[in-house]
Structures are given as C-alpha cells and as structure tokens.
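Read the structure below first, then the notes.
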Amino acid sequence: MSNEQPFYTIVGQGLAGTILSMRMEERGIPHQVIDDPSVSQSSRIAAGLANPILLKRLKWVRPAELFWPEAQPFYLSWERKLQAPFTHPVKMWHLFRSVGEINRWQEKAENPLFSPFLGSVLPPSPHERLEAPHGIGVLEELFWLDTALFLKAYRSYLQEKGAYHAVPAQEVLEKHIWPLRPPEAPLVLCNGHLARQTHPTLAKAFTPTRGEVLLLEAPAMPADIALHARIFALPLGRKRFKLGASYAHDDLRDSPSAAGREWLLNQWENMYNGPYEVTDHLAGVRPNVADRQPLLGKWQPRKYLFNGLGSRGVLMGPLLAGHLLAHLEDGAPLAAEWDIDRFISN
C-alpha cells in the first residue's frame, strides 16, 4: 500500500456515513462529507437501540460478540469529544406472549452469550397499565443512541472543520455532486437506499422498506423503561416515548401514512391501556439488503460502499467501519459475507 493517504469523499451523513467519518477522524485520514439533510430520514428517526438479541425468536444476532465490545465505548468516546449526551443506558421489559416463551428465556439465560442481557422474569402485569398476562422478561445492559442528536452534533463538528458540504438531492440524483471532490479522490457511498437511484448497478442488493414511528406522551407509563412486544416503546424522558416500527415494501418515501399510524396504535394499545397523546408521526426508508448483511467494499475503480446497516446499525457500525478502513488503508481482506462483491460478481 502507498504511504500517501488518499483524500476520501463520503456521500451521505446518516448513521453509516457519520460512523465511517468518525473512524477516519480517529485514524487521521483526510476526507470530506457530502450530504443532503432533507432526504433519507431513516437514520434520524431510528430507535437507535443497541441490542444483540433478536427478541422475536430469542436468537443471538451474529456476530454480536464482535460488535458489542466496540459499540458503546465508541459512542461514549465521541460523546465526550462532541460534548453532546446522545448515549443512554436503558432496561427493556419484553412482554411474554406465552408460557413457552418464558421457558425459552430461562433456558437461554444460562448461555454465556445471553446471560449478561437476559435478566429476571417478572410476574404477570407488574404495572397496572401494561397488558402482560404472561409476565415480563427484563433485558439488562442495553443502551440507545439518540440518532438525531448524534448526527446533528457531528455535522456541526464537520462544519467547523470545513469538511461538510450540503448538496441538493436533485444534484445527487443527477450525479452532479462532485464540484468539491478532487478527480482522483476515492468515493464511498453511504447514502442508504438512494444508492439504488444514483447507481442502478447496485439496485439488486437492496430490498428497502419504509418504517414509521410515532412520538407520544404517556403519563401513566414507567418513565425510564423501554418496552417490547411486536413493537418497541423507547423512553425519551419526561414521559415521552418513541414507538415503532412498521414495515412496508411499497410507497418508498419518507412520508408517514394513515395505515402505518393505525397499525402502530393498535399494537400500542395491545400493550398499554392508559392515556396517551401522539405528538408526531415520522417515516423513513431503511436500506435493507437482500441477504440481511451489510454492504462493504469496492464496486468500481475508486468507488466503494459502506451501506445496508439495517436495523442493527448502531450495534454494527463501529466495527464494520473499522473493518472497511482496515481493508482500504491496510490491505486487510474483507469478510466475504459483508463484501459487496457477492452481488456485483453474480
């Protein structure tokens, strides 16, 4: 590898682009970020929950044993540097749907991977406003990232360095987005599902979905506990909660729908029977990938991808960004299951 570091251009300042830029900053790699903050809202509205367990089936998110040790220290380090409180520890109550689920919980809790996270089992309906006839499992050691504050704080950091450039979405779609980019600069696309539109050769890798969330106030809810059943309810403080998320494969716009709102409220009222008031309704398009693995690596000369982090982006992003940079800067091989070549070469 050459001793002279190239000047990278990152396209997109969502979760993926921000984390990759942070990793470049940590290594002193020169780069700039080009972004249109008015498009692709999925990172800004995301729950931001870091959880290594798929609660629907009580399965381990592989390889979370690699992702987990890097995630929280990474965010806490940048939280101190940016002086912005975007990392929050949280307990989550998982509402059991059957006695069999309790038995699986207790069995999994003996597994060394699961044991730090799967805590005690609470009796049915431990809170008068919760619909939990089979009881509740307590998840420990989790944290959530305030993604909106995280992105905003880092954008300000980049702007102070002169490394952030806002470009209108139409220019992105027309591919005229490089007035500030040296011709030889390597390009890294971190623009989520929009990569399908700007570079159609990547389209087959994506299976995007529109996700919707509600913000609401629920004065009778436990103030500092996250809930999970078919959906999550994340505590934002002062009895405010983020509720989500829905999945839709059609109408891929960052626009909320009446159907999405109705579905979320039906799920919410199946878990909570107290007063509440909806204060906002948001939507974003997730850059899901056909095989549910992230997209890293080279797809054209001097063009790279760091994308497709999906719903586990907060958990996976720090390690994956370091993995990509080790490949770009040090010549380390990419893990085959993450390499974009699995789509490009077929």
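Taking amide H positions as modeled 1.01 Å from N, with prolines and chain starts lacking one, the residues under 5 Å from Gly308 and 5 or more places away or on another chain are Gly192, Leu295.
Averaging Cα coordinates gives a centre for the stretch 270-286 and one for the stretch 310-346; these two points are 34 Å apart.
Which shape class, rounded, prolate or oblate, goes with the stretch 65-138 when its Cα gyration tensor gives a ≥ b ≥ c as root eigenvalues, a/c under 1.5 marks rounded, and past that a/b bigger than b/c marks prolate? Note, shape of the stretch 65-138 comes out oblate.
Summing Cβ point charges (Lys, Arg +1; Asp, Glu -1) relative to the Cα centre of the chain gives a dipole of roughly 240 debye. Taking a ≥ b ≥ c as the square roots of the eigenvalues of the Cα gyration tensor, an a/c ratio of 1.5 or more together with a/b larger than b/c marks the chain as prolate.
For Tyr8, the residues whose modelled amide H falls within less than 5 Å of its own, excluding neighbours fewer than 5 places apart on the same chain, are His31, Gln32. When both bridge partners sit in the chain, DSSP labels roughly 70% of those beta bridges antiparallel.
Taking amide H positions as modeled 1.01 Å from N, with prolines and chain starts lacking one, no residue 5 or more places away or on another chain lies under 5 Å from Ile231. Along the stretch 300-306 the Karplus relation, 6.51 cos²θ - 1.76 cosθ + 1.60 evaluated at θ = phi - 60°, assigns HN-Hα couplings of 8, x, 6, 10, 10, 10, 9 Hz to successive residues, with x for each Gly and Pro. When only Cα pairs below 8 angstrom with a gap of at least 6 residues are kept, the chain shows a relative contact order of 24 percent. Could you give the distance between the Cα centres of the stretch 209-233 and the stretch 53-121, to the whole Å? Distance between centres, Cα-based: 17 Å.
The helix-based estimate of mean residue ellipticity at 222 nm for the chain, built from -39,500 (n - 2.57) per DSSP H run of four or more residues and divided by its residue count, is -9000 deg cm²/dmol to the nearest 500. For the stretch 187-308, the equivalent ellipsoid derived from the Cα gyration tensor has semi-axes of 35, 14, 11 Å, listed largest first.
In order along the stretch 24-30, phi translates into HN-Hα couplings of 5, 4, 4, 9, x, 8, x Hz, rounded to whole numbers, per the Karplus curve 6.51 cos²θ - 1.76 cosθ + 1.60 with θ = phi - 60° and x for Gly and Pro. At most 16 other C-beta atoms within 10 Å and a DSSP loop state: those are the exposed chymotrypsin sites (Phe, Trp or Tyr not before Pro) I care about. Give me the longest piece of the chain that has none. Excluding the exposed sites themselves, the longest stretch runs over 8-246. When the charge dipole of the chain is built from unit charges on Cβ atoms (+1 for Lys and Arg, -1 for Asp and Glu) and taken about the Cα centre, the candidate among Ala229, Phe74, Leu130 whose Cα reaches farthest toward its positive end is Ala229. Helix 147-161 and the longest principal axis of the Cα set of the chain meet at an angle near 30°. In terms of its alpha-carbon gyration tensor, the stretch 12-59 comes out oblate; a/c meets the 1.5 threshold, while b/c is at least as large as a/b. Each of Thr207, Thr201, Thr9 was scored by other Cβ atoms within 10 Å of its Cβ. Arranged with the fewest first, they read Thr201, Thr207, Thr9.
Past 26 Å, Cα to Cα: identify those pairs from Lys59/Lys204; Lys91/Lys204; Lys81/Lys298; Lys204/Lys303; Lys81/Lys303; Lys56/Lys242, in the order given. Result: Lys59/Lys204; Lys91/Lys204; Lys81/Lys298; Lys81/Lys303 exceed 26 Å. Ordered by the count of other Cβ atoms within 10 Å of each Cβ, fewest first, Ile19, Ile53, Ile344, Ile136 give Ile344, Ile53, Ile136, Ile19.
Bear in mind that the values in this text are calculations on the coordinates, not laboratory data. What you see is a predicted model, and the numbers here were worked out from it, not measured in a lab. Every residue, glycine among them, receives a Cβ derived from its backbone with ideal geometry; neighbour counts consider all protein chains shown.
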